[in-house]
Amino acid sequence: MDYETADTGSENVDIEDAESENGKDPGDEAPEEGETPAQRRAREEQEAKERELRARKRRLIPPFVMLLAGAITSITMRVLHYDMKTMLIILLCVLIGFYIAGCVIKWMLDKFERQIEEASMEEGEVIEKELAEEDGTGRHSGANVKDE
């Protein structure tokens with residue numbers, strides 16, 4: 001138990017140190033209260049460009065995984081002196097199998113990004129709702145004071 005508490009404490013310190021070194025908190029990426037529509041539009045366009053760039057990079061995952069597995073398989077079978085027919089059949093199966101594995105990895109990464117994006121959008125909506133409620137309660141309480 002003592003080890004668990006020591007590990008947990010060191011993780012918290014590491015996270016806090018990393019945040020202080022970067023100068024950013026995880027919540028810093030939320031839009032500021034005084035953001036104009038033009039600034040919001042520019043920020044949304046920048047985020048869209050970043051998502052598109054990540055999608056383009058992710059598109060290359062299946063071919064790279066497939067080619068790397070094919071190269072390793074080819075070299076291994078060549079060193080072990082497989083005959084050509086057997087080598088080609090095995091290589092074809094490996095290439096197809098690892099292409100499918102790369103597609104699954106790409107699909108999972110896309111799904112994770114969508115989940116993160118939805119969570120950040122929900123968090124943004126909650127922040128906006130809280131700000132609206134604070135503005136509404138402040139006005140409402142002022143109206144009550146005037147009525148009394």
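The values are calculated or read from the model by the stated rules, or taken from the named source; none is laboratory data. Computed from a prediction, not measured in an experiment: that's the story for all the values here. Cβ atoms come from the backbone with ideal geometry, glycine included; neighbour counts cover every protein chain shown.
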Selection from the stretch 94-119 of residues that are closer than 15 Å to residue 57 by Cβ and charged (D, E, K, R): 106, 110, 113
Could you tell me whether any residue of the stretch 64-72 is farther than 30 Å from residue 108 by Cβ and touching a helix residue (DSSP H, G or I) at 6+ places or on another chain (Cβ under 7 Å)? no
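Give the residues of the stretch 77-95 that are part of a helix (DSSP H, G or I) and surrounded by 12 or more Cβ atoms within 10 Å (Cβ to Cβ), sorted by residue number.
Here is the first cut: in the stretch 77-95, the ones part of a helix (DSSP H, G or I) are 77-79, 84-95.
The answer is 77, 87, 88, 90, 91, 94, 95.
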Checking residue 146 against (1) at pLDDT 95 or above; (2) exposed (fewer than 13 other Cβ atoms within 10 Å of the Cβ), the condition it does not meet: (1)
Could you say whether any residue in the stretch 4-16 is surrounded by fewer than 10 Cβ atoms within 10 Å (Cβ to Cβ), at pLDDT below 50 and part of a loop (DSSP other than H, G, I, E, B)? no
Can you spot a residue in the stretch 48-67 that is at pLDDT below 90 and either closer than 16 Å to residue 124 by Cβ or in contact with a strand residue (DSSP E or B) (Cβ under 6 Å, 6 or more places away or on another chain) (or both)? yes
Hey, any hits in the stretch 97-120 for a residue that's part of a helix (DSSP H, G or I), of a type in the set (Lys, Arg), surrounded by 13 or more Cβ atoms within 10 Å (Cβ to Cβ) and modelled with pLDDT of 65 or more? yes
Using beta carbons and a limit of 8 Å, which pairs, at least six apart or on different chains, have the first residue in the stretch 25-54 and within 16 Å of residue 113 (Cβ to Cβ) and the second one surrounded by 12 or more Cβ atoms within 10 Å (Cβ to Cβ) and modelled with pLDDT of 65 or more? 29/120; 51/113; 51/117; 54/113
